[in-house]
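To start, the structure itself, in structure tokens.
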Amino acid sequence: MDAVSGRTFENRNPADTREVVGTFAESGPEDVQRAVAAARDAFPRWRAVAAPKRGEILFRAAEILVKRKEEISRDMTREMGKVLAETRGDVQEAIDMTYYMAGEGRRQFGQTTPSELPDKFQMSVRMPVGVAGLITPWNFPMAIPSWKMMPALVLGNTVVIKPATDTPLSVVNLVKVLEEAGLPAGVVNMVTGGGAEVGEPLMRHQDVGVVSFTGSTGVGRKVSEACAPAFKHCHLEMGGKNIIMVMDDARLDLAVDGAVWGGFGTTGQRCTAASRIAVHKKVYPEFAARFVERTKALRVGNGLEPGIDMGPCINESQRRTVEKYVEIAKGERAKLLCGGHRLEGGAWTHGFFHEPTIFGDCSPAMRISREEVFGPVVAVIPVDSLEEAIEVGNSVEYGLSASIYTQDINKAFTAMREMYTGIFYVNAPTIGAETHLPFGGTKNTGNGHREACVQALEVFGEWKSIYIDYSGHLQRAQIDTGE
Ligand code: NAD
């Protein structure tokens, strides 16, 4: 949809800023008004469509995504920078979620329970909230929008989505697929523009019944405050400072594989990135040496080129944040083990590249061990025991993901119980969630909701409990129970 103002903005490739990926409407508050009005008008018709039919439209969308996977993945690497194998994974996650929620068209299970009174029937059913306002980040340009859109749609909500300004193309692609699959006009509406110009009016709009936000904890707090006065449903997925714990009995080859993938996959720009690694002192020297060797061998470049392991930062501002944290860590006397510089010249000249960077001998109190960098920087923290690793792990403000490498089942189960995170892995890194288990975090990572799986339906629905009395006379609950 064009902006009322007629204004547009360009989106450029972070690996090569000479390439314009697309031109998009620079929407403003008046466009939000139009989009919400369209969603509100479409809502009564969409909720009246039988849920299995809504599911069938999603199923067709998933089938189209499967066919277009390669083309859409390439678009995503051009707009977001992560390597093609990872953008294929991002699109696959959208496919998985779309199939999963298509199935919910025929489930959406409620409850029936016996009544305490004779000749009375009771059940609970889900109902949609109305218009869902979705605000998404740039690091999973299609997966995250699909995590929100598909459960919202299958329940009968209509949607207004505002993607991050760095990655609108993937959501344009997703919306086109839904339209092609037969989604009626007005059911999904997209506004492309900045947080202040579009995100703010969307989350404050009185006709938006539920806001689902994924992004930084700072902006999430604003969303929460904006939703509070009207008691608007508000779902927040925010930052992380995830830890891998490597015990002295761990298989180090496996742990190093996990650290490299968890720390530098998506250029460290994952909410679940393994940005801290607590390593038992007995194996610390060997682990650190192997981790550094593998990291130095990573090939950084344009994610569309074969053989590239790690792409650029999303934009210059994110790269500056990485540089800022490198300086902070040096100032804190963390030991720079490798990396630490932006990459310039040659194939890197026109992109926002930065070396994969490891700091060693970090203490848990250092900012590099506590704050989310959201870039290719990992802090390695030596520890004496499992207990200390768990204490370090739980000591930060976030609670998204954690993992342990050990061959000892007792240690694995202890860590599984003690880590206060929404996601936990054993002998795998902190990344790798699948769509059919709940996704989200504790503390400053989330506000108690979960995405994915059936839990996602809770965000976009309300429960209605229904009592049907066929006794033909007044029966009073808790009173006429025959005692
Ligand atoms: P961000 O908070 O800057 O932006 C997220 C979205 O909010 C964007 O669409 C942005 O335009 C919008 N926005 C910005 N200011 C706004 C305002 N005042 N009102 C309304 N909307 C506003 O985050 P980002 O840089 O896009 O993404 C990185 C962050 O997202 C990291 O902190 C990362 O951990 C987090 N993240 C979390 C998860 C999760 O599931 N927990 C997943 C991915 C990313």
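The values are calculated or read from the model by the stated rules, or taken from the named source; none is laboratory data. Not measured: the values here are computed from a predicted model. Counting neighbours? That spans all protein chains shown, and the Cβs are built from the backbone with ideal geometry, glycine included. Accessible surface areas use protein heavy atoms only, side chains included; no ligands, DNA or RNA. Shrake-Rupley method; radii C 1.70, N 1.55, O 1.52, S 1.80 Å.
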In region 269-286, how many residues are open to solvent by 10 Å² or more (accessible area, probe 1.4 Å), more than 20 Å from Leu400 (Cβ to Cβ) and in a strand (DSSP E or B)?
1
Within region 111-120, take every residue that is in a strand (DSSP E or B) and open to solvent by 90 Å² or more (accessible area, probe 1.4 Å) and give me the one that is nearest to Leu474 (Cα to Cα).
Pro114
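Evaluate region 266-274: report whether one residue or more is more than 14 Å from the ligand (Cβ to nearest atom), closer than 30 Å to Phe9 by Cα and in contact (Cβ under 8 Å) with a residue 40 or more places away in the chain.
No, that holds for no residue.
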Kindly state which helices (runs of 4 or more DSSP H) lie completely within region 363-447 and contain at least 1 residues that are of a type outside the set (Phe, Trp, Tyr) and under 29 Å from Val326 (Cβ atoms).
367-370, 386-393
Just for region 72-85: of the residues that are of a type outside the set (Ser, Thr, Tyr) and farther than 16 Å from Phe353 by Cβ, which one is surrounded by the fewest Cβ atoms within 10 Å (Cβ to Cβ)?
Ala85
Exactly one condition in (1) more than 16 Å from the ligand (Cβ to nearest atom); (2) touching a helix residue (DSSP H, G or I) at 6+ places or on another chain (Cβ under 8 Å) is false for Ala297; which is it?
(2)
Mind listing whichever residues of region 195-234 are farther than 22 Å from Gly375 by Cα and either outside the structural domain of Trp138 (by TED's automatic domain parsing) or within 8 Å of the ligand (Cβ to nearest atom) (or both)?
Ala196, Val198, Gly199, Glu200, Leu202, Met203, Lys222, Val223, Ala226
Name the residue, out of Asn139, Asn157, that is in the same structural domain as Arg74 (by TED's automatic domain parsing) and either more than 28 Å from His436 (Cβ to Cβ) or within 14 Å of the ligand (Cβ to nearest atom) (or both).
Asn139
Taking the condition more than 7 Å from the ligand (Cβ to nearest atom), assigned by TED's automatic domain parsing to the domain that holds Lys281 and touching a residue at least 60 places away in the same chain (Cβ under 8 Å), does Ala250 pass?
yes
With the requirement that a residue be in contact (Cβ under 8 Å) with a residue 40 or more places away in the chain and either within 14 Å of the ligand (Cβ to nearest atom) or part of a loop (DSSP other than H, G, I, E, B) (or both), what does region 454-464 give you?
Val454, Ala456, Val459
From the list Thr414, Thr445, exactly one residue is open to solvent by 20 Å² or more (accessible area, probe 1.4 Å) and in contact with a Leu (Cβ under 8 Å, 6 or more places away or on another chain). Which is it?
Thr414
Restricting region 417-433 to residues that are within 24 Å of Gly220 (Cα to Cα) and more than 13 Å from the ligand (Cβ to nearest atom), the one most open to solvent (accessible area, probe 1.4 Å) turns out to be Tyr420
